[in-house]
Amino acid sequence: MNTWTERVVVLPGWGWFALIFLALFLTVILQIVGGPLATGAAPAGIVSFEFAGNLEQVEKILTSWDQEARLHAALSLGLDYLYLVVYALAIGATCLKAAAFWRGKRTGLARLGFWLGWSQGVAALLDAIENLALIRLLFGATTPFWPPLAQICATVKFLLVLSGLVYVLLTALLYLLRRVAPNATKSTRP
């Protein structure tokens, strides 16, 4: 394990919990701020905007938002620049902690966890690019390049984030199963 990974894995418990708490807190705040963005044209609010994919759909969404909703969208996109750093660190650190659990037991799962942990930085970078594209569109850009860029970045970002979360949840579940029934989950290795 390299030095950076070791530092993240040995992140003090309070630091790790603070990251998790802040990520959850910002998730709630963004849900509240994004509430007025859910319309017929954007049933999933800002997420519908992220996945619009073309100028025609972007126009439908923007037309469905009044001036106040557009302010909410701008605030949401601004807050997301803080959120992307926090969720990437929180999920990344948690994946690395889960990978450390697998080290020495299941090398493939440990490697997957390290890869998913560090890939959260890529997810954050894609989120930042996506936000730039969405801000440009929100402020009137009509270049057809922006909607598909946002859509591609959002797709890969969500895949990386969800993969990291699934990895963490499955590791937590297996950890709990091992604690509850230590003999039931032990596997025989050749």
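Where a number appears in this text, it was derived from the coordinates with a stated rule and is not lab data. All figures in this text were calculated on a predicted structure; none of them were measured in a lab. No Cβ is skipped: glycine too gets one built from the backbone with ideal geometry, and neighbour counts run over all protein chains shown.
What is the chain's relative contact order, in percent, from Cα pairs under 8 angstrom and six or more apart in sequence?
On the way: 206 pairs, mean separation 43.9, N = 190.
Averaging sequence separation for qualifying contacts and normalising by length gives 23 percent for the chain.
Count the net charge of all other residues whose Cβ sits under 14 Å from the Cβ of G121, scoring Lys and Arg as +1 and Asp and Glu as -1. Kindly include the intermediate steps, with their values, before the conclusion.
Numbers: positive: K157; negative: D127.
Value of the local net charge: 0.
What list do you get for D80, D127, D66 if you sort them by fewest beta carbons within 10 Å?
D66, D80, D127
Could you tell me the center-to-center distance, by alpha carbons, between the range 134-185 and the range 93-133 in angstrom?
Taking the Cα centre of each part, the range 134-185 and the range 93-133 sit 10 Å apart.
Can you give the angle from 0 to 90° between the axis of helix 67-102 and the longest principal axis of the chain, with both taken from C-alpha atoms, to the nearest 10?
The angle comes out near 10 degrees.
Grab the beta carbon distance between W115 and Q67, set R0 = 41 Å, and tell me the FRET efficiency rounded to 0.05. Intermediate results must be reported in sequence, preceding the final value.
On the way: r = 44 Å, r/R0 = 1.07.
Between W115 and Q67 the formula returns 0.40.
Taking the 0 to 90 degree range and rounding to the nearest ten, how far is the long axis of helix 107-138 tilted relative to the main principal axis of the chain, both from C-alpha atoms?
For helix 107-138, the angle is close to 10 degrees.
Which net charge results when you count Lys and Arg as +1 and Asp and Glu as -1 among the other residues whose beta-carbon is under 13 Å from that of L77? Show your work: numbers first, answer last.
Working: positive: R70, R136; negative: E50, D80, D127, E130.
Here the count lands on -2.
How would you order 47-56, 18-27, 111-120 from highest to lowest mean count of nearby Cβ atoms within 10 Å?
Details: 47-56: 18.1, 18-27: 15.5, 111-120: 20.6.
In decreasing order of mean packing, 47-56, 18-27, 111-120 become 111-120, 47-56, 18-27.
Over the range 35-123, what is the mean sequence separation of C-alpha contacts under 8 Å (at least six apart), divided by residue count, expressed as relative contact order in percent? Let's see the in-between values first.
Details: 68 pairs, mean separation 18.9, N = 89.
Over the range 35-123, the number comes to 21 percent.
Across the chain, how many lysine pairs, 8 or more apart or on two chains, come within less than 29 Å at their alpha-carbon atoms? It would help to have the intermediate numbers written out before the result.
Working: K60/K157; K97/K105; K97/K157; K97/K186; K105/K186.
Pairs that pass both the separation and distance tests number 5.
For the residue pair F17 and V156, what label-to-label distance in nm results when each label sits 7 Å from Cα along the Cα-to-beta-carbon direction?
3.7
What number, rounded to the nearest 500 deg cm²/dmol, is the helix-based mean residue ellipticity at 222 nm of the chain, given -39500 (n - 2.57) per DSSP H run of at least four residues and division by all its residues?
Numbers: 7 runs with 147 residues, N = 190.
Calculated from helices alone, the mean residue ellipticity at 222 nm is -27000 deg cm²/dmol.
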